[in-house]
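Worksheet: the structure to be examined is printed underneath.
What follows draws every value from the coordinates through simple rules; no lab data is involved. Everything numeric in this text was worked out from a predicted model, so none of it was measured. Note: ideal-geometry Cβ built from the backbone for every residue, glycine included; neighbour counts use all protein chains shown.
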Amino acid sequence: MPELPEVETVRSQLARPLAGRFIRGVTVLWSRTLGATGGERFAEHLVGARIGTAQRHGKLLLFPLQRGQKDAGVFHAHLRMTGRFLVRECGATTGLWDRVLVHLDGDEELVFLDVRKFGRLGIASSCAKAIETLGPDAWHAALDGAALATLLGGRRTALKSTLLDQSVLAGLGNIYVDESLHRAKLHPLRRAGSLADKECAKLAQVIHHVLERAISRSGSSFDAFYRTPEGKPGDFQSEFRVYGRHGKRCRGCPDTIRRAVLGQRGTWWCPSCQPSPRRSEMASARFRR
Ligand SMILES: [Zn+2]
């Protein structure tokens, strides 16, 4: 599943070719991609507008629209498992996985293709409206220790589950949470609200570091337009310390990486680098093996 680093790469690669483009029409090939919005409302919202600079919040891609000099809402995309975009010349043969075509000026079209059909496009009256149910973006520079302490403060849920909750913090998926917790030496079952200020500061710093590394690797390792629709993970996996390394030696100590299931998600950690919390700092959630 594309996580923040991959979505950020898609954003940066789409931003330039789409900025300022005029939308001439929309063709919907698979209506469920538009969810409750429906093809008619989606087309009405887009046709005749110009696209501004693509933005991203968490895993959500945002394309602001303008009519004349006025803001005219936004359309957004959640790639989910296999959603992809490409820009191609109009009149090309429709691909098997093409779901929605946005016809642009200059005889090109923006294609949303999606093998497994979980991806969703939608509309909103503004970027702020589109992201109103999401927490702050995990890669935003303002996410320092104090901001993280405020987000986690008072929460009784397990630290890992809290960081995965997009309404708390937007953008982190399973890989980057496990990788960040190992680098911050924090156990996934710590009660989120039990972190000291120093631990929040360290966690904020490693989240930023891990995402930055992954974004620079992701950007250099694939082409968001023309890679295969099956997708291919970025090259950051060579730097994984825990994710998917069950039974292998920890990269920070001689111990062995463990795996368990927490809230239906595979979870990897090192029992020495990330020792079990004291009873008073433990969430009530439990691992399943
Ligand atoms: Zn270790």
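Just subtract the alpha-carbon distance of Arg80 and Thr93 from 0.36 nm times their residue separation and send over the number in nm, one decimal.
Working: separation 13, 0.36 × 13 = 4.68 nm, distance 2.49 nm.
The Arg80-Thr93 span can extend by a further 2.2 nm.
Please identify every one of the chymotrypsin sites (Phe, Trp or Tyr not before Pro) in segment 69-138 that sits in a loop by DSSP and has no more than 15 other beta carbons within 10 Å of its own beta carbon.
Phe118
Using only Cα atoms and rounding to the nearest 10 degrees, what angle (0 to 90) does helix 4-18 make with the longest principal axis of the chain?
Around 20 degrees separate the two axes.
Hey, what angle do you get for helix 174-183 against the long axis of the chain, alpha-carbon based, 0 to 90 degrees rounded to 10?
Between the helix axis and the principal axis of the chain, the angle is about 40 degrees.
Can you divide the C-alpha Rg of the chain by 2.2 N^0.38 Å and report the result to two decimal places?
With N residues counted in the chain, Rg over 2.2 N^0.38 Å equals 1.09.
Restricting attention to the alpha-carbon atoms of segment 145-281, what are Rg (one decimal) and Dmax (integer), both in Å?
When restricted to Cα atoms, segment 145-281 yields Rg and Dmax of 15.3, 51 Å.
Starting from the Cα of Lys160, draw a straight line to each of the aspartates and glutamates and keep only those under 16 Å, dropping any in the same chain fewer than 8 residues away.
Candidates past the 8-residue exclusion: Glu3, Asp178, Glu179, Glu199, Glu281.
Given an 8 Å cut-off on Cα distances and at least 6 residues of separation, report the relative contact order of segment 145-281 as a percent.
In percent, rounded to a whole number, it is 27.
In degrees, nearest 10, range 0 to 90: what is the angle between the Cα axis of helix 197-221 and the longest Cα principal axis of the chain?
40 degrees
What residues have an amide H closer than 5 Å to that of Leu65, excluding those fewer than 5 places away on the same chain, when H is modeled at 1.01 Å from N in the peptide plane?
Gly52, Ala72, Gly73, Val74, Phe75
Could you work out the helix-only [θ] at 222 nm for the chain, with each DSSP H run of four or more residues adding -39,500 (n - 2.57) and the total divided by the number of residues, to the nearest 500 deg cm²/dmol?
Roughly -8000 deg cm²/dmol at 222 nm, from the helical runs in the chain.
What are the residues whose amide H is under 5 Å from the amide H of Ala170, where those residues sit 5 or more places off or on another chain and H is modelled from the backbone?
Gly135, Asp137, Ala138
Using 0.36 nm per residue, how much length does the chain from Arg265 to Cys253 gain when fully extended, once their Cα-Cα distance is taken away?
Computed gain between Arg265 and Cys253 is 1.9 nm.
For Arg155, list long-range residues whose amide hydrogen, built 1.01 Å from N in the peptide plane, is under 5 Å from its own amide hydrogen.
Those qualifying (amide H under 5 Å, at least 5 residues apart or on another chain) are Gly193.
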